[in-house]
Amino acid sequence: MIDWLIGAGFLALVVVVYLFMRAGWKARGRRQAGVSRPPVAPGDDVLGPATLEKRVFYVATSKNGDPLDRIVVGGLGFRGRATVSVHPTGIRLAIAGNDPILIEPAALREVGRATWTIDRVVETDGLVLVGWRLGDLDVDTYLRDSTDPHDLIDAMNQLITTTGNGAETAPGTTTGEKTP
């Protein structure tokens, strides 16, 4: 009888914790109701041939300057395996289980390296940081490339260079915050 009561109490505790976590997640979604959804990427026939395509791990997207404030709209809320491809018309990010999104060259602010963001700390410069504009909000997307990410960073920076929007790479970045 005591074992049954302990088990039921533990199960009730798990349910209560889950309900609080769910309520917190829903509240974050309501607070971000005004955040634009990322544009859905068109097919490869519209984007043109990819100059580079890699399998990466999508870590998070957060508000620029606040790597602990995760953006949850439009499929950006959960970590997962992803494919990133760089096209002349933008960056296509296909996170498993979500529609692929398009980061247009004009929206790119910077591409660099980072060491940490929400719930993820890696070796120095172990994350690829993509700074971009989502509607009227500056956001940072963090990707984990298990191979050498220099070719990915170079291809993305090429988009910034060709658009001439004045964004700069953040070389030597060692934290979730970018270097000036």
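Please treat every number below as a calculation from the coordinates, not as lab data. All values reported here derive from a predicted model rather than from experimental measurement. Note that each Cβ is placed from the backbone with ideal geometry, even for glycine, and that neighbours are counted across all protein chains shown.
A few notes on this one:
- Across the stretch 44-163, the relative contact order, built from alpha-carbon pairs under 8 Å that are at least six residues apart, equals 27 percent.
- With the simple spin-label model, which puts each label point 7 Å out from Cα in the Cβ direction, the THR161 to PHE20 separation comes to 5.1 nm.
- Helix 150-163 axis versus longest C-alpha principal axis of the chain: approximately 60°, rounded to the nearest ten.
- Hz values of 3J(HN,Hα) by residue in the stretch 96-102 - Karplus curve (6.51, -1.76, 1.60), Gly and Pro given as x: 3, x, 10, 5, x, 10, 10
- For the stretch 125-141, the Karplus equation 6.51 cos²θ - 1.76 cosθ + 1.60, evaluated at θ = phi - 60°, returns couplings of 6, x, 10, 8, 9, 10, x, 8, 9, 10, x, 10, 10, 7, 10, 10, 10 Hz by residue, with Gly and Pro reported as x.
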